[in-house]
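What follows is a set of notes on a single structure, which appears directly below.
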Amino acid sequence: MHEENLKLGVNIDHIAVLREARKINDPDPLMALGVCAQNGADQITIHLREDRRHIHDEDVRRILESSSLPVNLECSINPEIIDIVCTLRPHRATLVPEKREEVTTEGGLDVRGQYEAILNAINKLSENEIEVSLFIDPTNEAVELSCKLGAQWVELHTGTYANVYAMRHSALPHSHHAIETLRLSRKELDSRLNGSYEVIVDAANKARMLGLKVAAGHGLNYQNVKSIVDIDTIEELNIGQSIIARSVFTGLATAVSDMKALCQR
């Protein structure tokens with residue numbers, strides 16, 4: 001039996017990305033809060049990166065003061081960032097890996113390799129009564145270590161699934177030779193797509209069995225999200241880029257409500 005009401009967290013970082021393109025104060029991410037709340041969003045998600053490439057400290061402060069929805073603040077395990085998060089006091093902190101040169105987060109936390117640093121961050125956040133989620137690759141080891149560390153949530157990285165889905169459903173060539181090759185690549189892509197999906201299912205089931213709350217995100221869009229919605233042990237999705245991209249053409253209200261409609265079970 002599917003759980004009702006899969007929650008949708010809308011990541012509004014890309015509004016700040018557009019603002020930073022001109023280094024001015026327009027568009028203001030704060031203006032998205034009411035639109036998201038009125039059109040089905042259950043949470044606002046933002047990422048305070050170490051290099052402040054989009055969301056700034058003052059954005060976080062204003063959003064926390066103004067949002068009628070819970071705010072999920074993504075951040076690295078850098079002690080200075082953790083101190084800032086403890087001062088700002090979001091509803092939840094999601095700890096994510098972060099590299100300065102990456103365009104977007106490329107994978108889950110190295111939970112084993114950074115175990116002590118993650119534990120220190122979790123302890124500090126917990127002392128300040130901030131709920132903690134770990135953004136992890138969908139593996140049993142990562143899930144088990146997240147439970148051992150004392151996180152309340154895990155957010156499963158769906159990027160591999162999203163990338164394979166995009167390759168599998170891209171435009172296809174029509175020459176005879178290409179079609180012969182395509183039969184093999186389609187079969188391989190189908191196998192990879194199924195495999196990348198099944199590891200998400202297995203990790204979500206494992207996490208729920210251990211008593212963790214389960215979210216998922218990264219690369220999810222209007223085309224690939226339905227299969228993830230069908231995983232009944234996942235209770236929340238965090239989606240940003242595809243919603244903000246669609247809003248350029250449809251407006252933010254429609255973009256959010258369209259995604260929320262796809263989240264119905």
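Considering only residues that are outside any loop (DSSP other than H, G, I, E, B) and surrounded by 21 or more Cβ atoms within 10 Å (Cβ to Cβ), look in segment 207-235 and name the one that is nearest to the chain's Cα centre (by Cα).
Here the residue is G217.
Do the conditions hold for R92, that is, is it buried (at least 16 other Cβ atoms within 10 Å of the Cβ), within 18 Å of H157 (Cα to Cα) and basic (K, R)?
Spelling it out, R92 is indeed buried (at least 16 other Cβ atoms within 10 Å of the Cβ), within 18 Å of H157 (Cα to Cα) and basic (K, R).
Considering each of E127, E80, E116, E65 in turn, give the residue that is under 26 Å from V256 (Cβ atoms), out of contact with any strand residue (DSSP E or B) (no Cβ under 8 Å at 6 or more places or on another chain) and not basic (K, R).
E65
Sort out which residues of segment 6-27 are free of Cβ contacts under 8 Å to residues at least 12 places away in the same chain and not in a helix (DSSP H, G or I), and write them in order of number.
Answer for segment 6-27, where residues must be free of Cβ contacts under 8 Å to residues at least 12 places away in the same chain and not in a helix (DSSP H, G or I): K23, I24, N25, D26.
Residues that are hydroxyl-bearing (S, T, Y) and assigned to a loop (DSSP other than H, G, I, E, B): does segment 53-71 have at least one?
Scanning segment 53-71, I find at least one residue that is hydroxyl-bearing (S, T, Y) and assigned to a loop (DSSP other than H, G, I, E, B), so the answer is yes.
Looking at (1) surrounded by fewer than 19 Cβ atoms within 10 Å (Cβ to Cβ); (2) touching a Pro at 6+ places or on another chain (Cβ under 6 Å); (3) of a type outside the set (G, A, S), can you tell me which one E65 breaks?
So the condition that E65 fails would be (2).
Mind checking which residues of segment 189-206 are loosely packed, with under 15 Cβ neighbours inside 10 Å and closer than 12 Å to Y161 by Cβ?
N194, G195, E198, listed by residue number.
Return yes when N238 is at pLDDT 95 or above and part of a helix (DSSP H, G or I) and no when it is not.
no
Kindly indicate whether I46 is touching a helix residue (DSSP H, G or I) at 6+ places or on another chain (Cβ under 8 Å), closer than 29 Å to A162 by Cα and modelled with pLDDT of 95 or more.
In short, yes.
Any idea which residue in segment 95-146 is farthest from R208 (Cα to Cα), counting only those that are at pLDDT below 95, exposed (fewer than 14 other Cβ atoms within 10 Å of the Cβ) and of a type outside the set (D, E, K, R)?
V103
The values are calculated or read from the model by the stated rules, or taken from the named source; none is laboratory data. Since we're looking at a predicted model, the values are computed, not measured. As a convention, Cβ positions derive from the backbone with ideal geometry for all residues, glycine included, and neighbour counts pool all protein chains shown.
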